[in-house]
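K.L.:
One structure, pasted below without further comment.
Quick note: the coordinates plus some simple rules give every number you see, no bench work behind them. None of these values were measured; they are calculated from a predicted model. FYI the Cβ positions are ideal-geometry reconstructions off the backbone, even for glycines, and counts take in every protein chain you see.
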């Protein structure tokens, strides 16, 4: 189990993580979500003892990471798939990690098989694609057969088959009773992988809930609107505080506002509606609605 209690991290006047508290429980894949700059990577680095908290604490199994005697046997992590000496072979890289924690070569060969890198085990890492490096990083996380696993963007660079493999791997590890924390910007993939979500924005906790509750709450319902004046209505709805996606010409997907309020905005804007239908949001829709005010770098809606 991972416990984060009152965790904060400041860099001068910048607050990267702000009084963050949550628990990652075993037996579930927990998705760790948030916009760019939300503090996800900083939080994971503090859990792994790589950054010192300004306040609060993060523990694994009730102890700080730096107090673990054989950390790879208790916690496996992938934070940066490219953080590997490029001149080493894949097998030698894993052997170096293994020897530091008293793990034998047999386990090295086992995890190479698990991630599908047996045939390139003696190739130098500098020749690896990003997807191959991700698989090697996952192998390193699995090396000590740990009960707690932390992955930061594990599907970057993977093809569809590889993404499905990671999804099945994460769920399989959790089904064995392990604690699995996964950060990803692919919200649609998290909808298929995670059972629980921890969502942060600007370093603060926004949600700590199951995927079903995150999507299914009444406040997270959306509205489908069709109108020949989609551009005019979309601008008016955004000005009124809604999150709007326009994907199919006259169709608008609106979140953060109920159908009655959407109708009122349309009426005051002089826009005729062809359809106004409440709809269940996807995880991506719910995430966008909940974190819209926490986005650090928001692009303009207009294209010039």
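K.L.:
Figure the gain on full extension for residue 229 and residue 195 (residue separation times 0.36 nm, minus the Cα-Cα span) and round it to one decimal in nm.
P.N.:
Numbers: separation 34, 0.36 × 34 = 12.24 nm, distance 3.90 nm.
Full extension from residue 229 to residue 195 adds 8.3 nm.
K.L.:
Another question about this same structure. When the chain is fully extended, how far beyond the present Cα-Cα distance does residue 83 get from residue 239, taking 0.36 nm per residue of separation? Kindly include the intermediate steps, with their values, before the conclusion.
P.N.:
Values: separation 156, 0.36 × 156 = 56.16 nm, distance 4.40 nm.
Gain on extension, residue 83 to residue 239, equals 51.8 nm.
K.L.:
Test of understanding: ordering 163, 2 by Cβ neighbours within 10 Å, fewest first, what list do you get?
P.N.:
Details: 163 19, 2 24.
In order of increasing Cβ crowding within 10 Å: 163, 2.
K.L.:
Set the Förster distance to 45 Å, then compute FRET efficiency between residue 122 and residue 69 from the Cβ-Cβ distance, nearest 0.05.
P.N.:
Values: r = 32 Å, r/R0 = 0.70.
Given R0 = 45 Å and the Cβ-Cβ separation, E is 0.90.
K.L.:
Between residue 21 and residue 274, take the C-beta separation as r, use R0 = 35 Å, and let me know the FRET efficiency to the nearest 0.05.
P.N.:
Working: r = 46 Å, r/R0 = 1.32.
Step by step, r from the Cβ atoms, then E = 0.15.
K.L.:
Highest first, please rank the peptides 45-58, 139-152 by the mean number of other Cβ atoms sitting within 10 Å of their residues.
P.N.:
Working: 45-58: 17.6, 139-152: 21.9.
Final packing ranking: 139-152, 45-58.
K.L.:
Test of understanding: in a Gaussian network model of the chain with alpha carbons linked when under 10 Å, which of 59, 42, 277 would top the mean-square fluctuation ranking?
P.N.:
277
K.L.:
If the label point is 7 Å along Cα→Cβ of residue 213, which residues in region 5-41 have backbone nitrogen under 18 Å from it?
P.N.:
21-33
K.L.:
What is the Cα centroid distance between region 12-71 and region 159-213, reported in whole angstrom?
P.N.:
When both Cα centres are located, 16 Å separates them.
K.L.:
Continuing with this model, one more query. Counting only DSSP beta bridges with both residues in region 146-212, what percent are antiparallel, rounded to the nearest 5?
P.N.:
Values: 6 of 11 bridges.
Just about 55 percent of them are antiparallel.
K.L.:
Note down the relative contact order for the chain as a percent, whole number, built from C-alpha pairs under 8 angstrom at least six residues apart. Intermediate results must be reported in sequence, preceding the final value.
P.N.:
On the way: 619 pairs, mean separation 62.7, N = 304.
For the chain, the relative contact order is 21 percent.
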